[in-house]
Amino acid sequence: MENQTLTQRATMPAAHNPVLERRTVANGNQNLLKYLRPGLSVMDVGCGSGAITRDLAERIGPTGRVLGIDPNAGLIEQARQNAGDTLGVAFEQADVYTFDTSERFDLITCARTLQWLREPERALVNMKRLLKPGGWLAILDYNHEKLNWQPEPPASMRLFYDAFLKWRQEAGFDNAIADHLDELMHQVGFMTVQTEIQHEISRRNEPTFATSSRLWAEVAELRGPQLVSDGYVTEDQRLQAIIDYDQWIATVGETMTVYLLAVEAQQE
Ligand SMILES: C[S@@+](CC[C@H](N)C(=O)[O-])C[C@H]1O[C@@H](n2cnc3c(N)ncnc32)[C@H](O)[C@@H]1O
């Protein structure tokens, strides 16, 4: 497969992305809470439209600095607009493989981004290089193979989801990256690596169930057109998955558990 095609597969659509914008440190990156203190310097790699990044800046306060980087020009533009005049936050269009600066960081966070990289180890090497001595690298990522729905979702959504995993795998992305991070962190030279379970669990009896469990309908809406144009599902199959899955949420859906791990290590 041509590199150009694979690069496109990693590219987020530029449209407003409600999944990214719903996230905060508390609901989407709570593994970072233990590090946050006034004056901290933080880099948020693969910051998207910057929802978590600006929350980090607000929590750290004006004496700190948070830099969000993302190669997607449209998302960086949205991130700048969304941040408005939030103090201590900046965004730069940049790629984790090649980003360079003379600055060194107390904390580098990279959430839900290595899952979209064909060379996650190369990205880890560059992030490790940009840490201060004693600084922390905090990776948060999925094992998509361990997603669990109770009860089983409609066959049309299962078909879409399986196609999504195949589409990702054939582009060279690791669907199970969460469970490979400990080994990767050791490979790039970290001696002690800690792992925290951060599974995202949506339960029917919670007021957020309809929104949070809709994640996969939103993936079918936002990224599904890429699968259609790449020939992994038809447009009818994509639309049917959305309709049937919304019905599952409204009627029989009980839980959706997305498998997510925070894997962290400290620079010596
Ligand atoms: C699923 S989003 C995660 C956004 C945010 N970190 C969060 O947890 O909500 C993945 C992000 O990784 C970015 N990304 C993809 N390739 C990248 C690369 N080579 N370097 C840095 N970021 C990249 C995408 O543009 C996208 O914004």
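The values are calculated or read from the model by the stated rules, or taken from the named source; none is laboratory data. What you are looking at is a predicted structure, and each value in this text was computed from that prediction instead of being measured. Here the Cβ positions follow ideal geometry from the backbone for every residue, glycine too, while neighbour counts run over all protein chains shown. For accessibility, only protein heavy atoms count, side chains too; no ligands or nucleic acids. Shrake-Rupley method; radii C 1.70, N 1.55, O 1.52, S 1.80 Å.
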Whether any residue in the stretch 79-91 is open to solvent by 10 Å² or more (accessible area, probe 1.4 Å), within 12 Å of the ligand (Cβ to nearest atom) and modelled with pLDDT of 95 or more is what I want to check. yes
Checked Gly50, Gly39 against criteria (open to solvent by less than 10 Å² (accessible area, probe 1.4 Å), more than 17 Å from Glu221 (Cβ to Cβ) and in contact with a helix residue (DSSP H, G or I) (Cβ under 8 Å, 6 or more places away or on another chain)); the one match is Gly50
Flag if Val263 is open to solvent by 20 Å² or more (accessible area, probe 1.4 Å) and of a type in the set (A, V, I, L, M, F, W, C): no
Restricting to the stretch 192-209, and then to whatever is farther than 16 Å from Val258 by Cβ and out of contact with any Asp or Glu (no Cβ under 7 Å at 6 or more places or on another chain), can you tell me which residue is modelled with the highest pLDDT? Asn205
Within the stretch 53-78, which residues are buried (at least 16 other Cβ atoms within 10 Å of the Cβ) and assigned to a loop (DSSP other than H, G, I, E, B)? Gly64, Pro71, Asn72
Being over 23 Å from the mean Cα position of the chain (by Cα) and closer than 30 Å to Pro133 by Cβ, is that true of even one residue in the stretch 178-189? yes
Looking for something in contact (Cβ under 8 Å) with a residue 60 or more places away in the chain, open to solvent by less than 10 Å² (accessible area, probe 1.4 Å) and closer than 24 Å to Asn29 by Cβ - is there at least one such residue anywhere in the stretch 242-256? yes
Count, please, the residues in the stretch 107-139 that happen to be within 10 Å of the ligand (Cβ to nearest atom), without any contact (Cβ under 8 Å) to a residue 60 or more places away in the chain and open to solvent by 30 Å² or more (accessible area, probe 1.4 Å). 2
